[in-house]
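The values are calculated or read from the model by the stated rules, or taken from the named source; none is laboratory data. Not measured: the values here are computed from a predicted model. We place every Cβ from the backbone using ideal geometry, glycine too, and count neighbours over all the protein chains shown. SASA here: full protein model, heavy atoms, side chains in, ligands and nucleic acids out. Shrake-Rupley method; radii C 1.70, N 1.55, O 1.52, S 1.80 Å.
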Amino acid sequence: MIERFPYTGTLPERFFTLVHQLYAELPYKQKEDSSAVLRLFELESERNEIIVYMDHQQIRLVGIFPHDGREAHFGFWETTDNLPLNRQAFALLEADAAKRGRTSITGPLDFNTFQRYRLRLAEKPSWGAFDREPINPCYYGAILEQLGFEQKITFESRCIRKEDIPAVYSDKKLFLEELEKIPYDFVPVTPEVWQQFESEIFELVQHVFGSNPAYKPVSREQFNMLYNNAYAQKLCPYSSVLFRHRASGRFAAMSFCHPNYQPLLLPVSVSPTFAQDYPRLAKKVLLAKSVGVHPDFRGQGLMNYLGAYGMLCFQELYEEVIFCLMRSDNYSTHFTDMLPYESARYALFEKPVSI
């Protein structure tokens, strides 16, 4: 029996323990900090009506109804492989969406794209799971499709193997040769630089990703919950960079990269640091995570130059690279189009609402 209740400031303990139960037998774990989730709900309740659907044993689902807009979202969805139970839960969600005049339901989306969203669509790739990669039991996509959801936006991650790295350098030779000639200063992203320019970084991120589908701006507090000094400590200071336009002094582009720390199996409460944990990695894999160009500076090839900047140190420090979570129709995919790669695919789903 599905219980439906509005969020009024608290969540039941079972909301969190279900996650541990579902992922206990899987080769990757879903890391979830209950205190951070509770704070997130508190912050987002100011701009969303939030309804929780649970049976306290096999499924949890959250309906998110923004105060502005015609879309509803679902998020924080975790479930056993039980289609009838999901039919019940999603029927309640759809009824609530119809009652509120919503035209569609999109998800999974934990409030916004800074938080967890998307499903991974296939069996796990050879790398297992990298930091903050969407992970889920393999039956999740099939359940959504049987409930009438379709893929709205697709994404992919691409891993370039060690033996194919020389081809990257051959393919990008021109950008490497021209890198020092472009009218930009390169500011390596160290913890000290992050602290010095945190306001500018926050603004740059909002501009870079502001036009992406499903994007919603977040408060500085919510941004700092994820992107803070601890985040800066885990970045690779040799490949992470800000491009500053020499003439105007404005930050024009960003590339935030760090090693794949997942093989270290650190506890949820422990944030890795490059200084301490990079040397402990038996295999050094670079994650190209948050890469983009301010709209005012697009059309100058800066995405390729960001990649070339990372290549300056790559061969000394890493064996492989994963370009993470690129939207399938985004320009960023072109950097690796002509190279051999292993890919993983993800999707954000949508279903129209019958009013």
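Across A230, A282, A142, mean-square fluctuation computed from a Gaussian network of the chain (C-alpha pairs under 10 Å connected) peaks at A282. The alpha-carbon of K234 sits under 15 angstrom from the alpha-carbons of these aspartates and glutamates, leaving out residues fewer than 8 places away in its chain: D131, E192, D277.
Comparing R345, R220, R244 in a Gaussian network model of the chain (Cα springs below 10 Å), the most mobile by mean-square fluctuation is R220. Residue separation of A275 and F209 scaled by 0.36 nm, minus their Cα-Cα distance, works out to 20.9 nm of gained length.
Helix 198-209 versus the longest principal axis of the chain: what angle, 0 to 90°, nearest 10, using Cα atoms? Taking the Cα atoms of the chain, the angle to 198-209 is about 70 degrees.
When a 1.4 Å probe is rolled over the protein heavy atoms, the share of accessible surface on the range 166-338 that falls to carbon and sulfur comes to 53 percent. Partner aspartates and glutamates whose Cα lies under 19 Å from the Cα of K172, excluding those fewer than 8 positions away in the same chain, are identified as E163, D164, E180, E316, E319, E320, D337.
Remark on Y7: its backbone amide H falls under 5 Å from those of I50, I51, V52, a criterion applied only to residues 5 or more positions apart or on other chains, H modelled at 1.01 Å from N. Here the label points at K124 and A95, each 7 Å from Cα along the C-beta direction, are separated by 3.8 nm in the simple model.
Using the beta-carbon distance between F202 and L176 and R0 = 25 Å, what value does 1/(1 + (r/R0)^6) give for FRET efficiency, to the nearest 0.05?
Computed FRET efficiency for F202 and L176: 0.25.
In degrees, nearest 10, range 0 to 90: what is the angle between the Cα axis of helix 34-44 and the longest Cα principal axis of the chain? Here the helix axis deviates by roughly 80 degrees. Relative to the longest principal axis of the Cα atoms of the chain, helix 83-99 runs at roughly 90 degrees.
So which of K99/K351; K289/K351; K31/K152; K29/K289; K152/K216; K29/K152 end up more than 23 Å apart by C-alpha? Too far apart for the 23 Å limit: K289/K351; K31/K152; K29/K152.
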